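The values are calculated or read from the model by the stated rules, or taken from the named source; none is laboratory data. Just so it is clear, the structure is predicted and the values come from calculations on it, not from any experiment. In this analysis, Cβ positions are derived from the backbone assuming ideal geometry, glycine residues included, and neighbour counts consider all displayed protein chains. The protein model used for the area step is the full one, side chains on, heavy atoms only, and it has no ligands, DNA or RNA in it. Shrake-Rupley method; radii C 1.70, N 1.55, O 1.52, S 1.80 Å.
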Amino acid sequence: MEKLKKRSWAEPFKIKSVELLKMTSREERQKALTEAGYNTFLLKSEDVYIDLLTDSGTNAMSDRQWAGLMLGDEAYAGSKNFYHLEENVQKYYGYQYLVPTHQGRGAEHIISKILIKPGNYIPGNMYFTTTRLHQELAGGTFVDVIIDEAHDPENLHPFKGNVDLQKLEDLIKKVGADKIPYISVAATVNMAGGQPISIENLRQVRALCTRHGIKVVLDATRAVENAYFIKVREKGYAKKSIAEILKEICSYTDAATMSAKKDLLVNIGGFLALNDYEVFEEARNMVVVYEGLHTYGGLAGRDMEAMAIGIEEAVQEDHIRARIGQVEYVGEKLLSIGIPIVKPVGGHAIFLNAKQFLPHLKHLEFPAQTLAAELYLESGIRSMERGIVSAGRSKETGDHYYPKLELVRLTFPRRVYTQAHCDVTAEAVEAVYEYRSKIKGLKMVYEPKYLRFFQARFEKLG
Ligand code: PLI
């Protein structure tokens, strides 16, 4: 018998309960797609076979988390689950004060309202849709200070989420530090392809901001995934635990907004965590206006319990290695058959480079929107546009933003799909690639005012 050369690893869990999937025909999918205005956000979930729309709130909870739901203390005030969550945020993230929110954008809303004055500038390592909108609604202007490499899908920089310190210094010189309440630092950077920021860069950002009296606010939504990349890519971190690295990331920042629906393996939840008591006091007061009392922030007690347990599970080494390993597995498969994707492969998703996939389409024929629709039609797999539709319009000129990255995101929920689902996904992308030159673009026929990608509608050209 031939000897096996390599030892494989498998998911560090076994399956206890399953959810059945519906298979559909191409005709049924064409009907569903037309009814959804060629927008994958408007498809009904039951018409989807493999759902790679997002990793947000789509995770499979563990038996410990499900058991935790039964420990929900649904008191209006002072639920014991709040104190469990507070204890774990302090222990694993290191911030002193916690304000729970219903999800990430609840925290973004509160921190933006407190810290931003009209006319302020908020630099960030690339925008995120809801984060930038809350900054703008508070009267601020977002300024992209990510390194140029992040805008190039082919560039192999190991930390494409890094802040360009020169761009940050130039902004400080131009508008004055007093007009910059904070820098918004994401770990990892979603819109760049799930790319991490390095500890070295974070330290430098901290030092520069301290010199100018500017706060650092972390988007900690996928900071555990970022910690994994630091462990495997940054000198001196190979022997540190994910938990240690996570805490070090947070130690260079003053506050964090969190969408627990990602790293923390839950279906709903978020928080704002802070060290500054005065800002905390204001946030604790504001949360009662917009979310709920400061010991539940729009969540049920059981949701806070699932989050508290999720924090402990998220930093387990076997979990995070398998989570990112699954994404890498699909990425390597696609690269081996020549599919253009963002490199290096990021933490939570594969990003197809729609500009290169469909080079015959103009930017305003929405290549990424078109490709996401086509992948659904071919296979029932749901993905998401992350290009010109997601970028929206400039609030000054009213014109579209024309982002350099025109991408389709295949996002992997945590602990949900198997390697066979991954193989089917790669084969479906390959099938679309084979007939790519025949694919026609789209025109937008309905455009909502805010976060248009969620509800915009399209029709097929020609
Ligand atoms: O969806 P929320 O409101 O819990 O979180 C907003 C949010 C903030 N920051 C980052 C980096 C996100 O990725 C994020 C939400 N992301 C979604 C929904 C996604 O599909 O990527």
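Just to verify a result, which residue in region 214-224, among those that are touching an Asp or Glu at 6+ places or on another chain (Cβ under 6 Å) and touching a residue at least 40 places away in the same chain (Cβ under 8 Å), is surrounded by the most Cβ atoms within 10 Å (Cβ to Cβ)?
Val224
Taking the criterion of being near the ligand (Cβ under 10 Å from one of its atoms), modelled with pLDDT of 95 or more, more than 12 Å from Val163 (Cβ to Cβ) and not charged (D, E, K, R), would at least one residue in region 194-214 satisfy it?
Checking region 194-214: at least one residue is near the ligand (Cβ under 10 Å from one of its atoms), modelled with pLDDT of 95 or more, more than 12 Å from Val163 (Cβ to Cβ) and not charged (D, E, K, R).
Is it the case that some residue within region 319-328 is more than 20 Å from the chain's Cα centre (by Cα), open to solvent by less than 40 Å² (accessible area, probe 1.4 Å) and more than 21 Å from Leu407 (Cβ to Cβ)?
So far as region 319-328 goes, no, none of its residues is more than 20 Å from the chain's Cα centre (by Cα), open to solvent by less than 40 Å² (accessible area, probe 1.4 Å) and more than 21 Å from Leu407 (Cβ to Cβ).
State all residues of region 246-272 that are among the small types (Gly, Ala, Ser) and either within 10 Å of the ligand (Cβ to nearest atom) or under 10 Å from Ala220 (Cα atoms) (or both); if no residue qualifies, say none.
Ala255, Ala256, Ser259, Ala260, Gly269, Gly270
If Ala75 meets every condition in (1) of a type in the set (A, V, I, L, M); (2) touching a residue at least 40 places away in the same chain (Cβ under 8 Å); (3) out of contact with any helix residue (DSSP H, G or I) (no Cβ under 8 Å at 6 or more places or on another chain) apart from one, which number is that one?
(3)
Among the residues of region 43-59, is there at least one that is under 26 Å from the mean Cα position of the chain (by Cα), within 15 Å of the ligand (Cβ to nearest atom) and open to solvent by 50 Å² or more (accessible area, probe 1.4 Å)?
Yes - at least one qualifying residue is present in region 43-59.
Working only within region 225-283, note down all residues that are under 27 Å from Gly213 (Cα atoms), surrounded by fewer than 24 Cβ atoms within 10 Å (Cβ to Cβ) and among the small types (Gly, Ala, Ser).
Ser251
A quick yes/no check of all residues on (1) under 30 Å from Lys240 (Cα atoms); (2) open to solvent by 10 Å² or more (accessible area, probe 1.4 Å); (3) touching a Pro at 6+ places or on another chain (Cβ under 8 Å); (4) within 16 Å of the ligand (Cβ to nearest atom):
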position: Gly297; (1), (2), (3), (4): no, no, yes, yes
position: Glu305; (1), (2), (3), (4): yes, yes, no, no
position: Ile309; (1), (2), (3), (4): yes, yes, no, no
position: Ile339; (1), (2), (3), (4): no, no, no, no
position: Lys343; (1), (2), (3), (4): yes, yes, yes, no
position: Lys355; (1), (2), (3), (4): no, yes, yes, no
position: Pro359; (1), (2), (3), (4): no, yes, no, no
position: Ala372; (1), (2), (3), (4): no, no, no, yes
position: Arg382; (1), (2), (3), (4): no, yes, no, yes
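Within region 76-99, how many residues are closer than 13 Å to Leu274 by Cα and more than 19 Å from the chain's Cα centre (by Cα)?
The number of residues fulfilling the criteria is 9.
If Arg7 satisfies every condition in (1) surrounded by 13 or more Cβ atoms within 10 Å (Cβ to Cβ); (2) at pLDDT below 95 but one, which is the exception?
(1)
Search region 112-139 for residues being of a type in the set (Gly, Ala, Ser) and within 16 Å of the ligand (Cβ to nearest atom), and hand back the single one that is most open to solvent (accessible area, probe 1.4 Å).
Within region 112-139, the match that is most open to solvent (accessible area, probe 1.4 Å) is Ala138.
Output the number of the condition that Tyr95 fails; it satisfies all remaining conditions of (1) touching an Asp or Glu at 6+ places or on another chain (Cβ under 8 Å); (2) under 18 Å from Cys250 (Cβ atoms); (3) in a loop (DSSP other than H, G, I, E, B).
Answer for Tyr95: the failing condition is (1).
Name the helices (runs of 4 or more DSSP H) wholly within region 295-403 that hold at least 2 residues that are of a type in the set (Ser, Thr, Tyr) and touching a helix residue (DSSP H, G or I) at 6+ places or on another chain (Cβ under 7 Å)?
367-379
Residues to consider are Leu33, Leu85; find the one that is more than 16 Å from the ligand (Cβ to nearest atom), open to solvent by less than 50 Å² (accessible area, probe 1.4 Å), part of a helix (DSSP H, G or I) and modelled with pLDDT of 95 or more.
Within the list Leu33, Leu85, the selection yields Leu33.
Of (1) of a type in the set (S, T, N, Q); (2) away from the ligand (no atom under 14 Å from the Cβ); (3) in contact with a helix residue (DSSP H, G or I) (Cβ under 9 Å, 6 or more places away or on another chain), Thr40 satisfies all except one. Which?
(2)
May I ask you to list the residues in region 88-111 that are among the hydroxyl-bearing types (Ser, Thr, Tyr) and more than 12 Å from the ligand (Cβ to nearest atom)?
Result: Tyr92, Tyr93, Tyr95, Tyr97.
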